[in-house]
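Each value in this text was obtained by applying a stated rule to the coordinates, not by laboratory testing. Keep in mind that this is a model prediction, so the values were computed, not measured. Positions of Cβ are generated from backbone atoms using ideal geometry, with glycine treated the same way; all protein chains shown enter the neighbour counts.
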There are 2 protein chains.
Amino acid sequence: METISTALSYGGTQGVYRHMSVVTGCDMTFAVFMPPHDRPVPVLWYLSGLTCTHANVMDKGEYRRVAAELGVAIVCPDTSPRGADIPDEADNWQFGSGAGFYVDATQTPYAENYNMYSYVSEELPALIAAEFDVDMSRQGIFGHSMGGHGALTIALKHPDRYKSASAFAPITQPSTADWSSGSLAKYLGDDASGWRQYDAVALLEDGYRFDDFLVDQGTADSFLESGLRPWLLEEACKNAGQKLTLRMQEGYDHSYLFVSSFMEDHLRWHMKRL
Amino acid sequence: METISTALSYGGTQGVYRHMSVVTGCDMTFAVFMPPHDRPVPVLWYLSGLTCTHANVMDKGEYRRVAAELGVAIVCPDTSPRGADIPDEADNWQFGSGAGFYVDATQTPYAENYNMYSYVSEELPALIAAEFDVDMSRQGIFGHSMGGHGALTIALKHPDRYKSASAFAPITQPSTADWSSGSLAKYLGDDASGWRQYDAVALLEDGYRFDDFLVDQGTADSFLESGLRPWLLEEACKNAGQKLTLRMQEGYDHSYLFVSSFMEDHLRWHMKRL
């Protein structure tokens with residue numbers, strides 16, 4: 001692991017790091033905020049949305065003040081493999097670079113690199129456990145948009161590992177959303193039955209459960225109808241008996257101006273459970 | 001004035017706007033955060049540093065939470081005129097675009113456009129007063145680096161207009177600092193006596209005073225010795241009987257990770273005086 005930068009912030013350390021990832025076959029960059037601490041701290045995973053890198057939430061997410069106060073590490077991975085050797089569609093913001101969708105691809109040529117599910121749920125956690133002063137028995141996971149959906153699905157599949165999960169404006173059913181179904185077909189093949197393990201609504205239908213979810217969704221989000229559709233998650237949770245706190249936030253959009261406004265609520269929600 | 005974007009944030013509105021500026025001879029972009037309010041609110045001017053636009057502090061400054069709570073508008077101008085017709089030195093980050101130094105240039109060809117002193121102290125305030133629900137009898141001014149220095153000098157020259165002034169890691173004596181003296185010569189000519197009205201230390205020597213200043217400076221700031229030198233301001237204030245609270249912040253650098261860490265302190269300092 002190589003340190004790209006570190007700087008003091010709110011008494012903690014905001015760092016950016018790079019390592020060679022086996023599962024994605026390329027160098028991966030990620031950000032870690034370590035709060036001031038004198039013992040191992042719990043870890044909160046933040047998964048970012050389409051087009052983002054580790055940097056968007058680091059720059060605009062406004063998590064450090066409360067994370068420093070509460071004593072929790074915030075880990076922000078990238079959203080896809082990247083580099084000259086990585087298959088990509090440069091003119092498609094919904095696929096390839098910046099659009100890993102937190103799946104393990106099965107299709108050629110993507111299966112070689114696009115394994116963000118294994119990356120964020122296995123490989124990077126092992127590195128974080130080895131390199132930082134964290135207590136891996138206390139992990140939570142959250143994210144925004146594509147990453148909010150990633151957090152929900154990964155929590156549903158690992159209810160014992162993560163003690164808390166929340167999302168800002170998550171995609172709820174990527175199998176049928178305009179902006180994701182085409183990408184799932186490329187990563188996972190045309191047989192949509194293979195997509196269900198990466199679809200929050202389908203996982204709930206298939207019996208996966210988590211303790212409870214917090215979801216914030218802005219009512220002025222321009223992707224509400226086409227990509228996000230929180231009512232699908234609400235319905236699936238209701239049918240499954242899955243606890244969900246869904247808050248429709250009047251007038252908020254899809255940007256980090258929305259995410260940052262409710263970041264503190266999410267951090268406090270997680271820390272009550274970590 | 002044209003609205004480029006607005007979004008709800010912490011219950012207030014973060015907007016970005018553009019207008020044709022007479023004093024800089026070009027379109028200028030600026031950001032305004034309006035807190036939730038039911039009467040005109042005080043205004044706090046934030047002047048940014050070298051290389052920045054209105055966007056850096058808007059993205060990374062973390063001012064909205066406290067500004068919403070305290071009920072103060074935050075106005076963030078650009079740092080220079082910009083555009084294809086504006087004289088510039090594209091390979092020089094200390095001059096031209098992003099480096100207006102809050103002076104009114106006197107030298108050809110810069111005098112036509114590089115009038116950021118008049119822009120931030122006269123033209124933009126008139127526009128803000130006309131277009132936003134603000135109380136212009138309650139104004140404060142602050143900024144970072146080049147903009148922190150701009151805030152100190154503008155406050156010294158208008159002690160009755162601004163009720164509060166503070167700075168993050170300001171340049172203190174641009175006339176003699178490595179990274180600014182060359183630029184002042186180009187904007188203002190080789191006769192350094194004309195630079196004194198744009199130099200905080202010189203203004204203090206020349207009898208200008210302000211109520212009191214708050215200055216935060218990181219001890220790990222890589223520009224401390226070459227560009228910033230807070231001890232020059234401290235000495236000048238001491239000699240002038242000027243009140244100054246200078247806080248050396250152990251281990252902090254020059255970035256917005258430093259600025260955001262102390263943003264709340266500055267906003268509360270200003271609001272006690274506004």
Quiz item: At a Förster radius of 30 Å, what calculated FRET efficiency corresponds to the Cβ-Cβ distance of A:H37 and A:M1, to the nearest 0.05?
Solution: 0.95
Quiz prompt | Sparsely packed GluC sites (Glu not before Pro) within segment A:1-98, loop by DSSP, other Cβ within 10 Å at most 16 | solution = A:E89
Practice problem: Let me have the relative contact order for chain A, percent, based on Cα pairs under 8 Å that are six or more residues apart. | Solution: 17
Quiz item: What percentages, rounded to whole numbers, describe P(r) for the protein assembly as shown computed over all alpha carbon pairs with 20 Å bin width beginning at zero?
Solution: 21, 48, 27, 3
Quiz item: For segment B:30-35, what does the Karplus curve 6.51 cos²θ - 1.76 cosθ + 1.60, with θ = phi - 60°, yield as ³J(HN,Hα) per residue in whole Hz, taken in order and with x for Gly and Pro?
Solution: 8, 10, 10, 9, 9, x
Quiz item: Rounded to the nearest 500, what is chain A's calculated 222 nm mean residue ellipticity when only DSSP H runs of at least 4 contribute -39500 (n - 2.57) each, over all residues?
Solution: -8500 deg cm²/dmol
Quiz prompt | Top positive-direction residue, dipole computed over the protein assembly as shown with Cβ charges, set A:L50, A:F223, B:G143 | solution = B:G143
Practice problem: Starting with the fewest neighbours, write out B:V103, B:V22 ranked by other beta-carbon atoms found within 10 Å of each beta-carbon. | Solution: B:V22, B:V103
Quiz prompt | Overall Cα dimensions of segment A:127-239 - principal axes, largest extent first, Å | solution = 41, 33, 27
Quiz prompt | Eligible lysines near B:K163 by straight Cα distance, threshold 19 Å, same-chain separation 8 or greater | solution = B:K243, B:K272
Practice problem: Tell me the distances, shortest first, between B:P109 and the same position across the other copies, using label points 7 Å along Cα→Cβ, in nm to one decimal. | Solution: 4.7
Exercise. Using only atoms on other chains, find how many Cβ atoms lie within 10 Å of each Cβ of peptide A:122-132 and report the average.
Key: 0
Quiz prompt | Footprinting exposure proxy for B:L127, A:L214 (fewest neighbouring C-beta atoms within 10 Å first) | solution = B:L127, A:L214
Quiz prompt | Averaged over A:59-71, number of beta-carbon atoms from partner chains that fall within 10 Å | solution = 2
Practice problem: Ignore the peptide's own chain and count Cβ atoms of other chains within 10 Å of each Cβ in A:252-265; give me the average, rounded. | Solution: 4
Quiz item: Based on Cβ point charges of +1 for Lys and Arg and -1 for Asp and Glu, what charge dipole magnitude is obtained for chain B about its Cα centre, in debye rounded to the nearest 20?
Solution: 800
Exercise. For A:E89, place a label point 7 Å out from Cα along the Cα→Cβ vector, do the same in each other copy, and report the separations in nm, one decimal, smallest first.
Key: 4.7
Practice problem: For segment A:7-162, count the residues as N, evaluate 2.2 N^0.38 Å, and divide the Cα radius of gyration by that value, please. | Solution: 1.00
Quiz item: In debye to the nearest 20, how big a dipole does the protein assembly as shown give about its Cα centre with +1 on each Lys and Arg Cβ and -1 on each Asp and Glu Cβ?
Solution: 1580
Quiz item: Relative to the other copies, what are the label-point distances for B:E131, with labels 7 Å from Cα along the C-beta vector, expressed in nm at one decimal and sorted shortest first?
Solution: 4.5
Self-check item: Ranked A:T51, A:T245, criterion: other C-beta atoms within 10 Å, fewest first
Solution: A:T245, A:T51
Quiz item: What is the Cα radius of gyration of chain A over 2.2 N^0.38 Å, N being its residue count?
Solution: 0.93
Practice problem: Mind jotting down the distance between the C-alpha centroids of segment A:83-135 and segment A:192-254, whole Å? | Solution: 23
Exercise. Excluding residues on the same chain fewer than 8 positions from B:K186, give the lysines whose Cα lies under 30 Å from its Cα.
Key: B:K157
Quiz item: Residues with amide H under 5 Å of A:L47's amide H, sequence separation 5 or more or different chain, H placed in the peptide plane at 1.01 Å from N; which?
Solution: A:F142, A:G143, A:H144
Quiz item: Are there any helices in chain A, counted as whole DSSP H runs, that stretch 24 Å or more along their axis by Cα and score at least 0.0 on average by Kyte-Doolittle, and if so which?
Solution: none
Quiz prompt | Alpha carbon convex hull of segment B:1-89, volume per residue in cubic angstrom | solution = 106
Self-check item: For segment B:2-273, with +1 on Lys and Arg beta carbons and -1 on Asp and Glu, the positive-most of B:F33, B:Y114, B:L70 along the dipole
Solution: B:L70
Exercise. Between the alpha-carbon centers of segment B:144-161 and segment A:12-38, tell me the distance in whole angstrom.
Key: 39
